[in-house]
Each structure stands twice: as C-alpha cells, then as structure tokens.
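**Q** My questions all concern the structure below.
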Amino acid sequence: MILKDILEKYKNGEINLTEALEQFPNRGIEEMGFATIDTDRHSRTGLPEVIYASEKTVEQVKLIAERMYETGIDVLATRVTSEMADAVKTVIPDAEYNVLARTISYKKSNKVEPDGYIAVIAAGTSDLPVAEEAAVTARFLGNNVKTVYDVGVAGIHRLFNKLDLIRNARVLIVVAGMEGALTSVIGGLVDKPVIGVPTSIGYGANFQGLSALLAMLNSCASGVSVVNIDNGFGAACQASLINKL
C-alpha cells in the first residue's frame, strides 16, 4: 500500500491510527513471491517502477502488470514479446503495445509536465527499436518528445534539415550503431546535454555494439554522457530527470 492510500484511509476513518502505523513497515512493498514491486519508487526517486520483461515468463509479466494496475501504478514494461503484450491486455485492456519499441504501457493520465522537449535522434532505421524504446519511455515519464530518424554520418546532410529542432531541445538522446559517430557530431553542434546510446547494430567488428560504446566514451565533444549498449530506457530516464530540473 502506498503512503497516500494509507493517509487517505486514516483521514476518511477507514482505519485507525494503530492500523495506519502498522502499514508503514510495508510501505512501498508489494510482495508477490517471485517478485517484489517497489510501489514507492516514484516518490522516492522521481522515476517509477518499470517491468523489465526479458527472461521473465509471459505469466510473470502479466501478473506483475496486473498487480501494479490494481495498486494504482502506471504500467510500463520493456523488452516484451507479442505474447506478453497479449497477456497484459487481458488484464489491462487499454494498455498500448509498441511493436517496434517492444514496450507495453498504461497511464491513467497523459499529462505532460515540462515546457521543453527531449529530442531522440537515430543514426539509422536499424537503430529504431532502441530509439523508440527511448521515445516511449520518455513520453511515459511525462515529457514532450520529438524524433529525428535516419540521419547518420553516411549522409550527414540529412541532419542539417533538422538542425533547428535539434538545437532547441532541452536534452538530446542520440542512438547509433556501427561506429557510433553521430553522438560526437551532435555533441559538437549543440549547447545541451547529449546522451549517447550505442546499439548492437553493425557488422562483425562492431562486436555487438562494443565499438560504438567505446567510440562514444572516447568522444571529443564536451557534454556527452553514455549509457549501456541498447539501453534506450536508461537514456530516457536520465533525460527525463534533466528535463524536469
């Protein structure tokens, strides 16, 4: 039971003071045996509990999502399969499945808080699953998001058509595989925080994203930070915290 629910029930006379105090040791914890949901995470960290579906069973993802929904928590699951999405929609019919991003989400309210926006920029169409994961997550966290896709360095002139949109963003997430060069290019063009997301897209010497990761970590551009390979979710969380400062 979350703190707000405990206080509301005490205020409305549904529970007495002793009963309310007994709930506090369990505040923020929903025990499920195979999972323990952190219901208080948003109020504690500014970021909500999110389901990482990879390696979980379809039934586990469905049951966690159902418990979060019943508890009043907005639901986001990443790295979901179509089978998982179908199962979640049986208990949360209004949940939205994004096939490309591999996410399923449900929000009670789509209220957007910050005035500024996050730009999600992808070097190539093959990078879109990671870019879309970042975009979906950032929107779920209450941010305005604008996307610029397929503007990698092999055709760098494509980038300049979107330069005003890029420069006016408050935070930029740059998603790139191969050699990961786009992050440095963007870092040299803007005066805003740039978050690089290396992807596992590329031929053999890309080493499943390792070459892009190292290139971004070695960026000559100032103000660039880097998250793990294919971690669009993590980049969106960092961008959201910056955007809401």
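The values are calculated or read from the model by the stated rules, or taken from the named source; none is laboratory data. None of these values were measured; they are calculated from a predicted model. As a convention, Cβ positions derive from the backbone with ideal geometry for all residues, glycine included, and neighbour counts pool all protein chains shown.
**Q** Quick check on ALA239: is it in the same structural domain as THR137 (by TED's automatic domain parsing), assigned to a helix (DSSP H, G or I) and over 17 Å from ASN143 (Cβ atoms)? Full working, then the answer.
**A** Numbers: in the same structural domain as THR137 (by TED's automatic domain parsing): yes; assigned to a helix (DSSP H, G or I): yes; over 17 Å from ASN143 (Cβ atoms): no.
No: the conditions fail for ALA239.
**Q** Can I ask one more? Being buried (at least 23 other Cβ atoms within 10 Å of the Cβ), over 15 Å from the mean Cα position of the chain (by Cα) and of a type in the set (Asp, Glu) narrows it down to one residue among ASP127, ASP164, ASP115; which is it? So that I can check it myself, show each step before the final result.
**A** Details: ASP164 fails: buried (at least 23 other Cβ atoms within 10 Å of the Cβ); ASP115 fails: buried (at least 23 other Cβ atoms within 10 Å of the Cβ).
Answer to the selection: ASP127.
**Q** For region 91-127, which residues satisfy the criterion of being touching a strand residue (DSSP E or B) at 6+ places or on another chain (Cβ under 8 Å), hydroxyl-bearing (Ser, Thr, Tyr) and in contact (Cβ under 8 Å) with a residue 24 or more places away in the chain?
**A** Passing the criteria: THR103, SER105, TYR106, TYR117, THR125.
Yes/no per residue for (1) modelled with pLDDT of 95 or more; (2) farther than 16 Å from GLY124 by Cα; (3) touching a helix residue (DSSP H, G or I) at 6+ places or on another chain (Cβ under 6 Å); (4) not hydrophobic (A, V, I, L, M, F, W, C):
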residue	(1), (2), (3), (4)
ILE166	no, yes, no, no
ILE173	yes, no, yes, no
GLY187	no, yes, no, yes
GLN208	no, no, no, yes
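**Q** Inspect all residues belonging to region 140-151 and state whether any of them is without any contact (Cβ under 8 Å) to a residue 12 or more places away in the chain and either of a type in the set (Gly, Ala, Ser) or not assigned by TED's automatic domain parsing to the domain that holds ILE186 (or both). Even if it seems obvious, please write down each step before you answer.
**A** Step one: filter region 140-151 for residues without any contact (Cβ under 8 Å) to a residue 12 or more places away in the chain, giving none.
Looking through region 140-151, none of the residues is without any contact (Cβ under 8 Å) to a residue 12 or more places away in the chain and either of a type in the set (Gly, Ala, Ser) or not assigned by TED's automatic domain parsing to the domain that holds ILE186 (or both).
**Q** Sort out which residues of region 167-209 are surrounded by fewer than 23 Cβ atoms within 10 Å (Cβ to Cβ), over 18 Å from LEU128 (Cα atoms) and among the hydrophobic types (A, V, I, L, M, F, W, C), and write them in order of number.
**A** VAL185, LEU189, VAL190, ALA205, PHE207, listed by residue number.
**Q** Continuing with the same structure: Looking at the structure I just gave you, is VAL99 hydrophobic (A, V, I, L, M, F, W, C), closer than 23 Å to ALA131 by Cα, out of contact with any Pro (no Cβ under 9 Å at 6 or more places or on another chain) and surrounded by fewer than 19 Cβ atoms within 10 Å (Cβ to Cβ)? Spell out the reasoning first.
**A** Working: hydrophobic (A, V, I, L, M, F, W, C): yes; closer than 23 Å to ALA131 by Cα: yes; out of contact with any Pro (no Cβ under 9 Å at 6 or more places or on another chain): yes; surrounded by fewer than 19 Cβ atoms within 10 Å (Cβ to Cβ): yes.
In short, yes.
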